[in-house]
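The values are calculated or read from the model by the stated rules, or taken from the named source; none is laboratory data. Note that the structure is predicted; figures quoted are calculated from it, not measured. No Cβ is skipped: glycine too gets one built from the backbone with ideal geometry, and neighbour counts run over all protein chains shown.
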Ligand SMILES: C[S@@+](CC[C@H](N)C(=O)[O-])C[C@H]1O[C@@H](n2cnc3c(N)ncnc32)[C@H](O)[C@@H]1O
C-alpha cells in the first residue's frame, strides 16, 4: 500500500487523541490498532504525528501567517489537520507539495471536516506560495522568542535553558528535543549475548548495531512494526532501555549477595539491570508507590525470568517508618527519582506542553525528601546513586550540592550529566554517586 490518505488520517487521529489528554505514545498505539499498517507506514505516521506535536507552536505561527483566523480561534479539528498538512510542507523534505496537499485535503473530504475541504486546500496552497516566495512568518530577533518559535518550545523553558547553559548550548539542546529518538535495547546476558542476538536480528531482516561503550546495548536502525514483536522479547532476551539510562545501574557496582534497594523502581528497567549485573544473585527490593506500575515490574521480572528482585508497594519517603530494621540495612541504594523528564523531550513529544515551573518545584520538594529519608537506609560503607532523566540543575547537581552541604557525614564520589545533543542519539540524563565519609 502506498503512503497516502489513510496514513495522514491516522496521524490526524493521533493528534485528536493527544489533544484530548492522552499521552502521544498511547494515542498512537490506540490509533494503529484500527488499521493494518506495515512498518514503513508506521514509521511515516510516527514521524508525522509526533513531529506535529513537537512543532505545535511553530505550526501555529504558520497558521497565523496564512489565515485571517488565528490558530486559537480555529476549530480544533481543523487546526490539527492544518498541522498535518503544514508539517509535511515545512518539515518533510521527501514529500512533494502536491501529494502533501491532496492527501490532507482528502482527509477533510472523507471525515466530518468535509465542509471545510476548500479552506484546507486554500490555506495549504497559500502556504506553498509563501514558501516558494520565501515569505516566512516574522519572528522577533530576540533569542528567546526566536528559539521558542523555531524549535517550538514554551517561552519559560527556553528562558530556563538559556539561564542554565547559555544561548549556544540552549539552542543546540532545543534542536535536539526535536530529533527522532533512538530505539535502544539492553541484552539480558543471563539468556544470550550481543553477538548471538545481533545475528538473530539480522536473520530476521532487522538492522541493528552495538552501542559504543555499552557492554550489552544495541540500537535498532530499522523501524520495527511493534518493538515487542521482535524476536526474543517473550523469552526475556532483552529490555527496551535508552542508552543513557543503561549506564546508571553499573554506577552502583552491584555484587552477588548484596542487599540493594531500588526506591523508585517502576517499570523496572534498572531493577532488572541490577539483577542481570549480579547474575540474579543479589537481594534486590524494588519499591514504587504506584500499584499499577509495580505490576509492570513484576511482568518484566517474569518475562526475563529474574528471581532476585522482590517488589513492594510503598512511599519510599516512609520506608523507615514502615520497617525500622531498614536503618543502615542496604549495601546499595538507587533513587531514580521522579523528575521533570526534560532530558527525554524528544522521546515524549507532548511533554513540553504539559510541564511547567510549578510542577518542577513540587518535584524538587519530593526529590529532597527521598534523599533525606533514604540515606538513613544506607550501610556505613554503602553507595547511593541518585539519578534523573532531566537536565534541570535544580533537580540535579544543585540539589545534590545542597543536600551534601547540609550533611556532614556524606560525600559526593562522582557525578555525570549527559545533555541532549543533535549528534548524540540518547536522552539527557544525570547521576550522582554518594557515599558516607
Ligand atoms: C523515573 S521513574 C523510575 C523509572 C525506573 N527506575 C526504571 O528505570 O524503570 C520514577 C518512579 O518513581 C515512582 N515514585 C514517585 N514518587 C514515589 C515515592 N514517594 N515513593 C516511591 N515511588 C515513587 C513513580 O511511580 C515512578 O514509577
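Among the residues of the stretch 399-413, write down those that are in a helix (DSSP H, G or I) and either surrounded by fewer than 20 Cβ atoms within 10 Å (Cβ to Cβ) or outside the structural domain of residue 317 (by TED's automatic domain parsing) (or both).
Result: 401, 402, 403, 404, 405, 406.
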Output for the stretch 60-75, where each listed residue is without any contact (Cβ under 8 Å) to a residue 60 or more places away in the chain and either surrounded by 23 or more Cβ atoms within 10 Å (Cβ to Cβ) or touching a helix residue (DSSP H, G or I) at 6+ places or on another chain (Cβ under 6 Å) (or both): 60, 67, 70, 71
Condition broken by residue 320, with the remaining ones in (1) more than 28 Å from residue 428 (Cα to Cα); (2) touching a helix residue (DSSP H, G or I) at 6+ places or on another chain (Cβ under 8 Å); (3) within 12 Å of the ligand (Cβ to nearest atom) satisfied: (3)
Test set (1) assigned to a helix (DSSP H, G or I); (2) touching a residue at least 12 places away in the same chain (Cβ under 8 Å); (3) surrounded by fewer than 22 Cβ atoms within 10 Å (Cβ to Cβ) - residue 29 fails condition number: (2)
Strands (runs of 3 or more DSSP E) within the stretch 171-271 that include 3 or more residues closer than 30 Å to residue 49 by Cβ, more than 16 Å from the ligand (Cβ to nearest atom) and touching a residue at least 24 places away in the same chain (Cβ under 8 Å): 217-220
